[in-house]
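The values are calculated or read from the model by the stated rules, or taken from the named source; none is laboratory data. Owing to the predicted nature of the structure, the values given are computational and were not obtained by experimental measurement. Cβ atoms come from the backbone with ideal geometry, glycine included; neighbour counts cover every protein chain shown.
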């Protein structure tokens, strides 16, 4: 399937080309299916160039049969283990690890080597990664279908612009103090947002400056984990 002596010394774009030949995919098809800017692949083939980590993540999300380890690092076989489920899997990020100095934050951490993965039928395709909830601030006994209990696996779709936030919806916020999951409400001051918990009796609402939000992601799904 792969030349193990050469694949690790190749660029990511070289391995993308090898996969495209295997799947009989054209640049136009990849560009369209991954919603890339026209010319992205061609520019990446120039000497000294390569595709970015952002483009690599998009490619891996679109083509789920390719091995992440092979595509990013040239290790192992091109195709994923055939014994794995035939539905997409998503990286599970240890948010403590993600917060400790990674220049690319959670998005970069999602590409780290040997991450555990979450794979179940029905997970929304726009999910980028999962984090694990902690604490009781987002438990909601009156609306259990909305509750985010401690230990739950929370699917996140990263948004690039804070202007994309919709008031009243639940988001993951990455800040210098860590990662929180809160319902966001509009504040009278345009420089702030109000962060509300479902469990308001024990966890009062608080305000946060928008410029303190390093990364933001929309919650796509919640998978409760109840240990017995």
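Quick one: which helices (runs of 4 or more DSSP H) sit completely within the stretch 46-120 and have at least 1 residues that are modelled with pLDDT under 90, at negative phi and more than 14 Å from the chain's Cα centre (by Cα)?
68-73, 95-99
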Per-region count, the stretch 24-45, residues surrounded by 15 or more Cβ atoms within 10 Å (Cβ to Cβ) and touching a residue at least 12 places away in the same chain (Cβ under 8 Å): 8
For the stretch 199-216, how many residues meet the condition of being assigned to a strand (DSSP E or B), surrounded by 14 or more Cβ atoms within 10 Å (Cβ to Cβ) and over 21 Å from the mean Cα position of the chain (by Cα)? 1
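I'd like the full set of residues that are in a strand (DSSP E or B) and either buried (at least 16 other Cβ atoms within 10 Å of the Cβ) or in the same structural domain as residue 58 (by TED's automatic domain parsing) (or both), limited to the stretch 160-191.
Within the stretch 160-191, 170, 171, 172, 173, 174, 179, 180, 181, 182, 183, 184 meet the criteria.
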Residue 195: passes all of (1) modelled with pLDDT of 85 or more; (2) over 21 Å from the mean Cα position of the chain (by Cα); (3) exposed (fewer than 11 other Cβ atoms within 10 Å of the Cβ) but (3)
